[in-house]
1. Out of T130, T125, T71, I need the residue that is under 21 Å from G161 (Cβ atoms) and touching a residue at least 24 places away in the same chain (Cβ under 8 Å). Which one?
2. T265 - would you say it is at pLDDT 95 or above, of a type in the set (S, T, N, Q) and crowded, with 17+ Cβ neighbours inside 10 Å?
3. Taking T125, is it modelled with pLDDT under 95 and touching a Ser or Thr at 6+ places or on another chain (Cβ under 7 Å)?
4. Taking the criterion of being surrounded by fewer than 18 Cβ atoms within 10 Å (Cβ to Cβ), touching a residue at least 12 places away in the same chain (Cβ under 8 Å), within 19 Å of A81 (Cβ to Cβ) and polar (S, T, N, Q), would at least one residue in segment 137-144 satisfy it?
5. So, in segment 149-205, exactly how many residues are more than 16 Å from the ligand (Cβ to nearest atom), assigned to a strand (DSSP E or B) and in the same structural domain as L259 (by TED's automatic domain parsing)?
6. Tell me the helices (runs of 4 or more DSSP H) entirely within segment 237-293 that contain at least 3 residues that are in contact (Cβ under 8 Å) with a residue 24 or more places away in the chain, within 12 Å of T208 (Cβ to Cβ) and in contact with a Ser or Thr (Cβ under 6 Å, 6 or more places away or on another chain).
7. Which members of segment 74-116 meet the condition of being closer than 13 Å to I7 by Cβ and within 16 Å of the ligand (Cβ to nearest atom)?
8. Return the residue satisfying two criteria in turn: it lies in segment 37-65 and is charged (D, E, K, R) and touching a residue at least 40 places away in the same chain (Cβ under 8 Å), and of such residues it is surrounded by the fewest Cβ atoms within 10 Å (Cβ to Cβ).
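The values are calculated or read from the model by the stated rules, or taken from the named source; none is laboratory data. Worth saying up front: this structure is predicted, and the values here are computed from it rather than measured. Positions of Cβ are generated from backbone atoms using ideal geometry, with glycine treated the same way; all protein chains shown enter the neighbour counts.
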Amino acid sequence: MKRILVIGATGQIGTELTPGLRARCGGENVIAAGHRREPGTALREAGPYAALDVRDRESLAVLVTTYGIGTVYHLAALLSAAAEARPQAAWELNMNGLLNVLEVAAAHQCAVFFPSSIGAFGPSTPRVNTPQLTIQRPNTIYGVTKTAGELLCDYYHRRFGVDARGLRFPGLISHTAPPGGGTTDYAVEIFYAALRGEQYVCPLAPSTRLDMMYMPDAVRAAIEVMEADPAGLRFRNAYNVTAMSFTPEELYREIRRHLPGFSMTFAVDPVRQAIADGWPEKMDDSAARRDWGWAPGYDLPAMAADMLEKLSARLEGKGRMRNAE
Ligand code: AKB
C-alpha cells in the first residue's frame, strides 16, 4: 500500500489532520513530517515522524522514496500576518516549498493536497458569496503565494499529470492547535481568554465579518476531496469550502451565552484589519457541494459549544499536570 506524507504535521491543520488520517489508514501508513526535531509524544507514538525542512528538495525526495509515499498533504506555510512581517521568508517557504513538493510528486507519481485560503482573494473580489471563479488580486504576500500556488498546482496537473487537488479554507478554529500568525487567529484566542477568565482584547473591529470553519470539518474536507472520484472534479485548485460567517461581536455574544461573565474590548491592529478587509465574508461553495458532496457539520453555535467543552477539558488537564509536578 502506498503511504501518506503529511508535511507540516505539527502546524495548525496538521495537528488534527495527521491523527485523522492515521485513524482512517493506520498509524504506520501516515508519515508525519515537520520542522521540529522532537514533536509531541502523541504524534511520535502513533506512527513514523521525520524532521523535514520542505525547502530542502533532496531530503523530501529521500523521504518519499524511503517510505513509498503515494499522497502528500503539503501544509507547511507562513500564515497571513506572520508572512506580512517576513515577506521573503514567506515566499521561500510557501512558494519554494510547494515547488519542491510538486517536483518530487511529478518524479515519484504522488498525489498532492494543497491548502489555499480566503487569502487568495483581495479587495477587488466580491466579498459576499465569493464565486468559485472570480477576480483574484490579493494584496498580501500570503495571498500572492496562495494564488500562485493554486496556479502552480494546476500547471503541474496539466503539464506533468500530478494529481494535485486543493481547497480554499476560510479561517480555521481548533481546540488542539494554538493559533500562529493568522489574521483569523482571534477566533481561537478568544476561547482561551474566555475559559481562563480573562478579558479578551480583539485585534479586529467588532463588525469585521469573515468566513470561518471548525477544524473537524476542515480535516474531513481535505480527506474527502483527495478521495473524490477525479472524473467529477471540474476544478482542481482550489475549491471554495465554507461553514459559517461571523463578526467578532457575534462570536463574543455566542460565547457569553455559555460564560455570561466574559468581556471583550478592542485594540485594532491595522495590519490584520487591512488584511481582513480584503477577504471574503462568505464564499460560495456550491461547486464543492455539487462535485464531491461537500457539506459542513458545524455552524457557529455548534462550533462554540464544542470548542468550550473540548478546550476547557484540555486546559484543565494541563492545569492538573502542572499541579502534580
Ligand atoms: C490566516 O488568517 O492567515 C489563515 C487563513 C485564513 O488562511 N487562517
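1. T71
2. When the stated conditions are applied, T265 does not pass them.
3. no
4. Checking segment 137-144: at least one residue is surrounded by fewer than 18 Cβ atoms within 10 Å (Cβ to Cβ), touching a residue at least 12 places away in the same chain (Cβ under 8 Å), within 19 Å of A81 (Cβ to Cβ) and polar (S, T, N, Q).
5. Number satisfying all stated conditions: 2.
6. Output list reads 270-277.
7. Within segment 74-116, H74, L75, A76, A77, L93, N94, G97, L98, F113, F114, P115 qualify.
8. Filtering first and then ranking leaves D56.
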